[in-house]
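The values are calculated or read from the model by the stated rules, or taken from the named source; none is laboratory data. Model, not experiment: these values are computed from the prediction. Please note: Cβ atoms are built from the backbone with ideal geometry, for glycine as well, and neighbour counts cover all protein chains shown.
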Ligand code: HEM
Ligand SMILES: [Cu+2]
């Protein structure tokens, strides 16, 4: 039981403890590293589902009303359903588990030198609540009338009453799935935040905490304080559906805009919830693969703090054409433009960190640089959407679709793959294949851009989003070939992920054994064994220095682990 | 290795459990904040809702407020007796708190029943939708609180609040006892970097018998549940005037 | 840590809480103008909440970090409601 599991933590614990039953070790584990892997695998599985919905939509957009291989004709109502589930899955069931949960779980305790989360059982519970949420969501495909078709934002009145879409159970399960997911991540958030505050190793002051941990904690904070109103809003939406209340139904005196406000009050910070962890991985990778101290450590942490604070007061830029009070548009335009300042600062710090370094373009670094490039495009196109004047033209077109894929995709997949490759040796104790990794990167990078770049053009040409059949609109005929091109690129993009799957599973079982610190990095996780045993560290790590001391002139080695004592002291004890 | 004895006092330090509860309360504020905020916004928009609010009985609402306030008092008394290690009193106060929680729920369902019998349901109009949603959400929290309190109460009855004094096999109420020796190997944090704010956590301490929940005596949880219970009370303190007194 | 002889303190707080609750009713009987009444009602609620938080939840002994955890959501709640006033409330009132 409990006790035995906890004792099984010496460095030999890995195989020698027969009493660590399979179910406790792999299923109901309280070990943060195992929970991280559980989240990772669940998230990657959901990515397959999300990709399948994308495939079906793209098929329909390029070859309208022909049977998509493996499914059949995508009818208009099914298209709505696919859009909804695609958005929901990609944001909440891929982005959140892979980036927030898996990364925070794996990285925070290791980087701060803790043995585990401070509430390990809560951690386990949070994972299983998440599983329940996944089950709810997937079940909604199979209930009568199918899954929710109200868009991933679930705007009422469409989502508030069965009479509009004919879907009851799908919507109810969709709301329940979100509610469970939020409960799960709230538990997770409490854990990450409390662990960060309480369990740092001796000497690890706030100014020595690695940036990855800072940014992961920032993501948790963004989530933590923004999700509450949406939970309340979701309860009201649920009651509108099941109890016949009319919170969001104008004919009953309700206010549909209220949901939009509650949703986006969460929705904008949510963008940072998936973005900051991607950034976290990239920030950790850049100094390691350019062998240079990071530029502007404090500046970046403070910029993040400012961005977090501002992220709570920009939400209505998603609603410029919603019919909200026009007097609100001005302040929200201003805050939106303001919030790009801290991110610009962070990006400049990153570029400065790269400058003049001895850059090694190994797979994690490739993903990191790819992240920077693609996200920059996403961020720049956001400027058009941020100001109310041009937003009114672009809103509801494929320009928006292209924009948010240029922000989400880099964050979730470029950032995610960067993190997976970078921490792969630590996670699984083996090395991934560098060659397959590079092939996978270039396939993804090239075809991601082929897929989404033309969409900017299609969007500014007037193609509206969430339409099931572009062939119904004369003005969209000009984009026929472009749409086919986009679709084929998307197929290759999705197919290219097979390379990753092969690399991933082959390396887990067959990859060459990894040493403790294969990338010669400074942070504490690299001082633990690969993979770290239950309990992580054999002796208490003590931190003597900041995380980014690379290529110091007075050192033979070009890196100085955080737990290496100062020279004088080392000589004294030696 | 730090060997610490469990002397839990308010010395400006807080345990991880307490920190967790406060984070929980922080997130609950946002949940209730969203619901209450929506109500306030629409209530301000509809002065005519006063008619509906007039249907709510202020004396019954006040009575319920008093019940919940008093239960907060008994809860804090239970916590006070944790410090004195008075198991009997702890149990008595916990039970009293839980019972008053039940009385609160009883009165609430009496009110619900009265509304239903007058044909007033959540879908009657927006005011009643808010009334049932807000009080229902609050009632769910009361139920959760009662459950937690009753669990602690059974721990108290079975004398599991503290680990047994060595050699005796039972806890020794009244006597301060040796406390538990926790060998903290879970984290290596240095109080100086935390500004002395947070006590070292002990989640991975060498596990004692079952009653040393997470290395801390169960008795410590009375404070945590108490914090939650008071929070639920505070929510009601605001709900009562918002719903009942704005007629 | 025995300077906090709060055994009686807790009781005194309870008496205050009860008195304030009854205070609501008094206000009803004497019938003050509506906006004054509302101010009194919510003022009383605030005082009661602070009494509970300060004494029963021991905020007066708590470290600063707890205040940060509490103040952020309270502030955000205020921002949310204030920013939505024009959009939800005033629209329905027709201005
Ligand atoms: C495999 C690559 C992907 C392809 C080919 C793809 C394709 C699409 C398509 C065709 C739409 C529908 C646009 C419309 O009809 O309005 C869409 C919507 C959407 N996608 Fe993706 N997508 C991909 C990856 C992602 C990722 C990684 C995310 C986020 C993490 C994401 C988030 C969304 C969202 C939020 C929507 C909006 C759903 C809605 O309108 O309700 N997608 N995507
Ligand atoms: Cu936004």
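Do we have residue A:203 as under 17 Å from residue C:73 (Cβ atoms) and within 12 Å of chain B (Cβ to nearest Cβ) here?
Working: under 17 Å from residue C:73 (Cβ atoms): no; within 12 Å of chain B (Cβ to nearest Cβ): yes.
Against the criterion (under 17 Å from residue C:73 (Cβ atoms) and within 12 Å of chain B (Cβ to nearest Cβ)), residue A:203 does not qualify.
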For this session: Those residues that are free of Cβ contacts under 8 Å to residues at least 24 places away in the same chain, away from ligand 1 (no atom under 13 Å from the Cβ) and exposed (fewer than 15 other Cβ atoms within 10 Å of the Cβ), I need them from the range A:474-497; list them, please.
Result: A:474, A:475, A:477, A:478, A:480, A:481
Problem set entry | Whichever residue in the range A:323-334 is more than 9 Å from chain C (Cβ to nearest Cβ) and in contact with a helix residue (DSSP H, G or I) (Cβ under 6 Å, 6 or more places away or on another chain) and, among such residues, is farthest from ligand 2 (Cβ to nearest atom) | A:329
For this session: Determine which single condition residue A:271 fails, assuming it passes every other condition in (1) buried (at least 24 other Cβ atoms within 10 Å of the Cβ); (2) within 16 Å of ligand 2 (Cβ to nearest atom).
Result: (1)
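With respect to residue A:211, is the statement that it is more than 7 Å from chain B (Cβ to nearest Cβ), under 21 Å from residue A:288 (Cβ atoms) and touching a residue at least 40 places away in the same chain (Cβ under 8 Å) true?
yes
Kindly establish whether residue A:127 is assigned to a helix (DSSP H, G or I) and out of contact with any helix residue (DSSP H, G or I) (no Cβ under 8 Å at 6 or more places or on another chain). Before you say what the answer is, go through the steps one by one.
Working: assigned to a helix (DSSP H, G or I): yes; out of contact with any helix residue (DSSP H, G or I) (no Cβ under 8 Å at 6 or more places or on another chain): no.
No.
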Problem set entry | Scope the range A:61-95; condition closer than 20 Å to residue A:489 by Cβ, in a helix (DSSP H, G or I) and more than 9 Å from ligand 1 (Cβ to nearest atom); matching residues | A:62
Exercise. Residues in the range A:357-373: is at least one within 16 Å of ligand 2 (Cβ to nearest atom), in a helix (DSSP H, G or I) and modelled with pLDDT of 90 or more?
Worked result: no
Seminar exercise, completed: In the range A:216-248, anything within 7 Å of chain B (Cβ to nearest Cβ), over 15 Å from residue B:137 (Cβ atoms) and not in a helix (DSSP H, G or I) is listed as A:244, A:246
Seminar exercise, completed: Only one of (1) assigned to a helix (DSSP H, G or I); (2) surrounded by fewer than 16 Cβ atoms within 10 Å (Cβ to Cβ) does not apply to residue C:41, and that is (2)
Exercise. Considering A:301, A:306, A:271, A:288, which residue is more than 14 Å from chain C (Cβ to nearest Cβ) and within 16 Å of ligand 1 (Cβ to nearest atom)?
Worked result: A:271
Problem set entry | Subset of the range A:453-469 (residues that are closer than 17 Å to residue A:385 by Cβ and assigned to a helix (DSSP H, G or I)) | A:453, A:455, A:456, A:457, A:458, A:459, A:460
For this session: Restrict the check to the range A:395-409 and report whether at least one residue is more than 14 Å from chain C (Cβ to nearest Cβ), out of contact with any helix residue (DSSP H, G or I) (no Cβ under 9 Å at 6 or more places or on another chain), within 16 Å of ligand 2 (Cβ to nearest atom) and touching a residue at least 24 places away in the same chain (Cβ under 8 Å).
Result: yes
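Among the residues that make up the range A:169-185, is at least one of them out of contact with any helix residue (DSSP H, G or I) (no Cβ under 8 Å at 6 or more places or on another chain) and either touching a residue at least 12 places away in the same chain (Cβ under 8 Å) or in a loop (DSSP other than H, G, I, E, B) (or both)?
Step one: of the range A:169-185, the residues out of contact with any helix residue (DSSP H, G or I) (no Cβ under 8 Å at 6 or more places or on another chain) are A:169.
Adding the requirement that they be either touching a residue at least 12 places away in the same chain (Cβ under 8 Å) or in a loop (DSSP other than H, G, I, E, B) (or both) leaves A:169.
Yes, the range A:169-185 contains a residue that is out of contact with any helix residue (DSSP H, G or I) (no Cβ under 8 Å at 6 or more places or on another chain) and either touching a residue at least 12 places away in the same chain (Cβ under 8 Å) or in a loop (DSSP other than H, G, I, E, B) (or both).
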Problem set entry | Candidates A:120, A:156 - the one that is within 14 Å of another protein chain (Cβ to nearest Cβ), over 23 Å from residue A:31 (Cβ atoms), touching a residue at least 60 places away in the same chain (Cβ under 8 Å) and in contact with a helix residue (DSSP H, G or I) (Cβ under 8 Å, 6 or more places away or on another chain) | A:156
Exercise. Only one of (1) crowded, with 23+ Cβ neighbours inside 10 Å; (2) under 26 Å from the mean Cα position of the chain (by Cα) fails for residue A:204. Which number is that?
Worked result: (2)
For this session: Could you please give the count of residues in the range A:274-283 that are at pLDDT below 95 and more than 16 Å from ligand 1 (Cβ to nearest atom)?
Result: 0
Exercise. Which of (1) surrounded by fewer than 24 Cβ atoms within 10 Å (Cβ to Cβ); (2) more than 14 Å from chain B (Cβ to nearest Cβ); (3) touching a strand residue (DSSP E or B) at 6+ places or on another chain (Cβ under 9 Å) is the odd one out, the single condition residue A:180 does not satisfy?
Worked result: (3)
For this session: Identify the residue in the range A:296-322 that is without any contact (Cβ under 8 Å) to a residue 60 or more places away in the chain and part of a loop (DSSP other than H, G, I, E, B) and, among all such residues, is nearest to ligand 2 (Cβ to nearest atom).
Result: A:314
Exercise. Looking at (1) within 26 Å of residue C:86 (Cα to Cα); (2) modelled with pLDDT of 95 or more; (3) away from ligand 1 (no atom under 16 Å from the Cβ), can you tell me which one residue A:264 breaks?
Worked result: (3)
